[in-house]
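Values in this text are rule-based calculations from the coordinates and carry no lab data. Not measured: the values here are computed from a predicted model. Backbone-built Cβ (ideal geometry, glycine too); neighbour counts: all protein chains shown.
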């Protein structure tokens, strides 16, 4: 029997990335995903409680909520989401908040970006020692790809490919990724 994950995220491309990250821990045949997307953070916050209940009712074993930090206060955001998810009838859910944006996690592995865009080794010389410190990682990634290979980066199509190529040990350099890793190791 496969493990069923309920994912609540800001958009579909985030869900696609999360599926790739799940595949670093479980074989694709060992899990399935149902999801809700908020098309931004406002709807995600207002609907996450009802969505979590619906995902649990539809058979999900695990509920995971991904919400970019953007420029919010992390403890306040975590508290707000926690309050929405602590009402009676709401299943337990893991809240994951990537520092600034999910794309910061993708920036941990430049080799994955090179592979995704077929960039020769000499075509990308930039080093990124601490991806979580980058302001606006999505825009940074867009500029990096444009400067390195003159290709157009589209998060809706490329993030999934970069995530598939990203090595787990690179992701673990992000402090905000570690709770997801720890959770997955308990499954």
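Report the Cα-based extents of the chain along its three principal axes, largest first, to the nearest Å.
Extents along the principal axes: 55, 38, 25 Å.
Give me the angle, in degrees from 0 to 90, between the Cα long axis of helix 41-57 and the longest principal axis of the Cα atoms of the chain, rounded to the nearest 10.
60
How high is the FRET efficiency between residue 185 and residue 150 when r is their beta carbon distance and R₀ equals 45 Å, given to the nearest 0.05?
E between residue 185 and residue 150, to the nearest 0.05, is 0.65.
Compute the long axis of helix 137-149 from its Cα atoms, compare it with the longest principal axis of the Cα atoms of the chain, and write down the angle in degrees, 0 to 90, nearest 10.
The angle comes out near 30 degrees.
Label residue 47 and residue 73 with points 7 Å out from Cα along Cα→Cβ: what is the distance between them in nm?
For residue 47 paired with residue 73, the spin-label model returns 2.8 nm.
Subtracting the Cα-Cα distance from 0.36 nm times the residue separation, let me have the gained length for residue 86 to residue 54 in nm, one decimal.
Working it through step by step, the gained length comes to 10.0 nm.
If we count other beta carbons within 10 Å of each Cβ, what is the order of 63, 128, fewest first?
128, 63
When only alpha-carbon atoms count, how far does region 99-161 stretch along each of its three principal axes, as whole angstroms with the largest first?
29, 25, 16
Relative to the longest principal axis of the chain, what angle (0 to 90°, nearest 10) does the C-alpha long axis of helix 12-22 take?
90
Can you compute the FRET efficiency between residue 133 and residue 1 using 1/(1 + (r/R0)^6), with r the Cβ-Cβ distance and R0 = 41 Å? Round to the nearest 0.05.
It comes to 0.50.
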